[in-house]
1. Report the extension gain between M50 and T84 in nm, rounded to one decimal, defined as 0.36 nm multiplied by the number of residues separating them, less their alpha carbon distance.
2. What does the extension gain come out to for E171 and E389, with contour length at 0.36 nm per residue minus their alpha carbon separation?
3. Rounded, prolate or oblate: which one fits segment 335-415, using the alpha carbon gyration tensor with axes a ≥ b ≥ c (rounded when a/c is under 1.5, else prolate when a/b beats b/c, else oblate)?
4. How far is it, in nm, from the label point at Q453 to the one at V372 when both lie 7 Å from their Cα along the line to the Cβ?
5. What span do the alpha-carbon atoms of the chain cover on each of the three principal axes, reported in whole Å from largest to smallest?
6. Suppose R0 equals 30 Å. What FRET efficiency, 1/(1 + (r/R0)^6) with r the Cβ-Cβ distance, do Y92 and K71 give to the nearest 0.05?
7. Quote the FRET efficiency, to the nearest 0.05, computed for E182 versus S234 with a Förster distance R0 of 35 Å and r equal to the Cβ-Cβ distance.
8. Give the long-range amide H neighbours of R147: residues separated by 5 or more places, or on another chain, with amide H under 5 Å away, using H modelled in the peptide plane at 1.01 Å from N.
Amino acid sequence: MKRQIAIPRQMSLITPEILNPFVHKIHLSFMQKIQIVFMSLFVVPIRLLMIFTCLIFAWMLAKASLAFRSKEEQDKPMKGWRKTLFHKTIMYLGRAICFFYGFQNVKVKGQPVGSDVAPILVCAPHSTFMDAFVIFYCSTLPSSLSRKENSALPILGSLIEYTQPLYVQREDPNSRKNIMKEMTRRAKTMGEWPQIIIFPEGTCTNRSCLIGFKQGAFYPGVPVQPVCIRYLNSLDTYTWTWEGPGAFTCLWLSLCQFNNKLELEFLPVYNPNEEEKQDPTLYASNVRQKMAESLKIPFTDHTYDDVRLMQKAAKLNLPHTAGLIEFQKLHSKLGISFDQMNELLDQFGAISQKDKGSITLGEFAAYLHVPVSPALEEMFSLYDRNGSETIDFREYIIGLSLISQPVNNDDTLKLAFQLFDNGDKGYITQEELTGILTNAFGIDDLDVEKLFQEVDINKDDKITFDEFRKYAETKPEYAKLFMTYQELKKVLNTNGNGISKLE
């Protein structure tokens with residue numbers, strides 16, 4: 001299928017450089033498999049024993065520090081003997097856990113600063129639960145965000161409580177708002193509370209890029225210290241993504257490495273200007289750019305919402321990558337909400353090939369109940385941004401928003417309705433619909449009858465303008481198809497060709 005016109009593309013909507021940051025595969029050589037068997041039998045049991053011993057000692061110290069605190073003390077920064085007596089020891093026990101886990105060579109670049117200089121630490125890329133080890137290499141133990149129910153976990157619950165986290169309560173609809181208030185309150189004390197450590201990507205990736213940063217860490221408008229995380233082993237057993245090895249597999253394979261190499265780079269403190277203080281999105285974007293430059297990797301506009309759409313695509317028996325669309329970019333550029341995107345994915349799934357997750361010209365025609373024609377081919381080529389002769393979900397969304405929706409207005413619909421309504425009766429009969437669609441697009445009588453029944457909501461054998469408009473709202477492609485047909489008709493008439501050229 002050849003394009004009939006050159007179609008300009010918006011650079012802001014081009015396909016991202018990194019196609020899927022949420023996938024990771026581990027390929028083990030024969031010798032690596034032998035190593036895993038050897039380590040599992042002779043080394044990992046010793047490592048686990050030492051890790052558990054360190055955890056027990058840390059838990060005992062944390063439990064002692066938390067003992068006999070009043071309600072007022074729980075709402076204030078930890079001070080006095082509770083902090084000075086055990087704090088350093090717990091940090092060193094944490095580093096010992098890292099050592100016994102296999103991270104004997106943790107390289108720290110840059111200078112970690114205190115909460116009086118940078119109240120918030122932003123760490124990226126976030127690729128594994130092992131990223132939590134960064135807390136033992138900060139200036140002091142930072143606080144984190146944690147679910148309230150985690151405080152009840154055996155051993156770990158007391159250790160989490162010791163860091164004075166910000167608790168997220170899922171049953172509270174105002175939890176997110178309250179977290180933002182508490183984070184801002186703590187950050188503005190400039191040194192009284194521990195630093196708050198945040199992974200602004202909000203989900204794990206394969207470290208091939210930095211995805212979109214959430215605004216939470218930047219909402220208070222205070223200085224932040226970016227921390228870049230690098231795992232340097234040639235065999236990546238750490239990455240825990242939506243598609244890839246599970247958490248236990250990552251944990252065990254990492255324990256089976258002779259040495260896990262980790263590098264933490266504490267970048268210079270980023271002090272926001274006045275514009276960034278007022279605009280958390282801008283602040284987050286600029287910090288992300290600085291971190292991407294240091295990491296020497298690109299950044300994209302993927303977010304956790306892309307993961308949610310991937311999960312939805314899998315439920316629809318589509319390839320999960322169908323939902324990978326850079327939601328945040330399309331949301332900001334096109335104004336489409338996540339709920340609308342979900343509905344469009346349902347619609348896309350009803351049209352597309354289940355195994356390929358894309359729409360062919362034939363499927364597009366079947367969805368619109370029209371045969372393949374020059375007008376439909378031209379419209380299809382407008383949707384098909386990369387010239388693959390298929391439409392993926394991303395192209396479908398952009399096509400609806402930039403091509404079909406803009407012309408799906410009352411003026412276009414009234415013009416189309418008048419074309420079908422012979423005699424200005426205020427309604428369209430099936431005979432009138434058949435006459436126009438058969439002559440213009442070559443649609444057979446059975447397809448016209450099926451289309452008529454779909455549009456005729458009241459089942460009174462006539463289509464009113466309200467019914468016509470409501471149906472067009474569900475399938476805005478018809479408005480664009482009609483306009484394309486009219487434009488091609490004018491071109492052919494100008495050149496002296498007949499209407500048969502369009503059939």
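1. Details: separation 34, 0.36 × 34 = 12.24 nm, distance 2.53 nm.
Extending this stretch completely gives an extra 9.7 nm.
2. On the way: separation 218, 0.36 × 218 = 78.48 nm, distance 4.71 nm.
In short, 73.8 nm is gained.
3. Details: a/c = 1.60, a/b = 1.08, b/c = 1.49.
Judged from the Cα gyration tensor, segment 335-415 comes out oblate (a/c at least 1.5, b/c at or above a/b).
4. 2.7 nm
5. Result, largest extent first: 92, 56, 40 Å.
6. Details: r = 31 Å, r/R0 = 1.03.
Here the calculated transfer efficiency is 0.45.
7. Details: r = 42 Å, r/R0 = 1.21.
For E182 and S234, the calculated efficiency is 0.25.
8. V168
Here, each number is a calculation from the coordinates, and none is a lab measurement. These numbers come from a predicted model, not from an experiment. Positions of Cβ are backbone-derived with ideal geometry, glycine not excepted, and every protein chain shown enters the neighbour counts.
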